[in-house]
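Accompanying notes for the structure given below.
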Amino acid sequence: MMTETVWLSTAPQKTALTAWFEMEDRAAPPLARTKNAMANRRGAHLDPNLLPQRAVEDAGRKITRMRNLFCLNGFMCVTEKAAAVLRQFDLGAGGLYPLELVRHDGVTPLDGFYWALNFGEKKNALAMEASRSVDGPNGKGACRPELWVKDDDFAVTRAALDGPDIWGDERVKMSFFVSPRLGQALHKAGLARVFHLLRCRIV
């Protein structure tokens with residue numbers, strides 16, 4: 001049943017979600033920014049000052065519309081359509097932070113409202129031994145979904161049902177999870193595809 005389904009999002013792995021903008025980094029040098037972006041893509045909480053706040057369209061690009069979930073310099077961001085759904089749910093200590101997108105001239109704003117997604121919770125709910133299509137574990141006990149992962153390959157324990165509706169897992173990289181309630185809302189809003197949601201088994 002949808003009401004008992006935890007969902008894995010492999011969106012952080014999808015290069016098709018790349019936004020052709022360059023963030024104006026106000027708080028971190030390039031190497032630190034890369035590490036922060038990697039943390040964001042595995043569902044880790046960051047100081048909001050480290051998230052993208054303003055970004056300029058790449059030269060030679062003329063962006064006509066943004067995907068409802070997109071990756072800006074490695075950080076997960078959303079449009080207002082997706083934000084309106086996420087706001088209805090428990091984001092833990094995370095949240096949505098305003099993101100200004102401007103054209104290559106550095107002045108003209110891109111139409112619409114955009115938000116950087118900050119995760120607020122890590123859970124330890126992966127049932128790795130019951131999961132399939134797992135790349136890992138590595139030397140630190142972490143893994144990532146294989147590129148060919150499909151519905152029901154990943155398994156989680158019932159601990160995934162407790163706490164916030166969106167989270168990263170302590171042992172899973174390049175992905176995040178959403179609760180049955182949030183997963184249902186994303187499906188209803190037509191956002192499940194861009195979030196690349198895959199059904200997990202609960203064991």
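Since every read-out is calculated from the coordinates, none of them should be taken as a lab result. No experiment lies behind these values; they were computed from the predicted model shown. Cβ atoms come from the backbone with ideal geometry, glycine included; neighbour counts cover every protein chain shown.
Is the shape of the range 15-118 best called rounded, prolate or oblate, per the rule: a/c under 1.5 gives rounded, else a/b larger than b/c gives prolate, else oblate, with a ≥ b ≥ c the square roots of the Cα gyration tensor eigenvalues? The shape class here is oblate. Phi-derived couplings, Karplus 6.51 cos²θ - 1.76 cosθ + 1.60 at θ = phi - 60°, listed residue by residue for the range 93-110: 7, x, x, 10, 10, x, 10, 8, 10, 10, 5, 4, 6, x, 10, 6, x, 6 Hz, with x used for Gly and Pro. Around the amide H of Trp167, modelled in the peptide plane, lie the amide H atoms of Phe177, all under 5 Å away and 5 or more residues distant in sequence or on another chain. By other beta-carbon atoms within 10 Å, ranking Val78, Val6 with the fewest at the front produces Val6, Val78.
If each of Glu129 and Glu24 carries a label point 7 Å out from its Cα toward its Cβ, how far apart are those two points in nm? It is 5.3 nm.
Taking Pro12, Pro30, Pro145 as the candidate residues, the one with maximal mean-square fluctuation in a Gaussian network model of the chain, Cα springs under 10 Å, is Pro30. A simple rule links phi to the HN-Hα coupling: the Karplus curve 6.51 cos²θ - 1.76 cosθ + 1.60 with θ = phi - 60°, which for the range 165-180 gives 8, 9, 6, x, 9, 4, 10, 10, 9, 6, 5, 8, 10, 10, 6, x Hz, with x for Gly and Pro. In the chain, the calculated helix contribution to ellipticity at 222 nm averages -4000 deg cm²/dmol per residue, counting -39,500 (n - 2.57) for every DSSP H run with n ≥ 4.
With a sphere of radius 9 Å drawn around the Cβ of Trp20, what net charge do the other residues whose Cβ falls strictly inside it have (Lys, Arg +1; Asp, Glu -1)?
Net local charge, Trp20 excluded: -2.
Shape class for the range 120-161, computed from the alpha carbon gyration tensor (a ≥ b ≥ c): oblate, with a/c not under 1.5 and a/b at or below b/c.
Sequence-ordered 3J(HN,Hα) estimates for the range 120-127 from the Karplus curve with 6.51, -1.76 and 1.60 and θ = phi - 60° stand at x, 8, 10, 10, 10, 10, 5, 9 Hz, glycine and proline given as x.
Charge dipole (Cα centre; +1 on Lys/Arg Cβ, -1 on Asp/Glu Cβ; no other charges) of the chain amounts to roughly 280 debye. The angle between the Cα long axis of helix 30-41 and the main principal axis of the chain comes to about 40°, on a 0 to 90 degree scale.
Considering only Trp167, Trp115, Trp148, the mean-square fluctuation computed in a Gaussian network model of the chain, springs between alpha carbons under 10 angstrom, is largest for Trp148. In the chain, a dipole from Cβ-located charges (positive for Lys and Arg, negative for Asp and Glu) runs towards its positive end, and of Met23, Met128, Ala159 it is Met128 whose Cα lies farthest in that direction.
With R₀ fixed at 22 Å, the C-beta to C-beta distance from Arg193 to Asp111 puts the FRET efficiency at about 0.45.
Comparing Ala11, Ala189, Ala160 in a Gaussian network model of the chain, where Cα atoms under 10 Å apart are tied by springs, the biggest mean-square fluctuation is seen for Ala189. Taking a 22 Å limit on the Cα-Cα distance, which of the listed pairs Lys150/Lys173; Lys35/Lys123; Lys14/Lys35; Lys35/Lys188 fall beyond it? In this structure, Lys35/Lys188 lie more than 22 Å apart at Cα.
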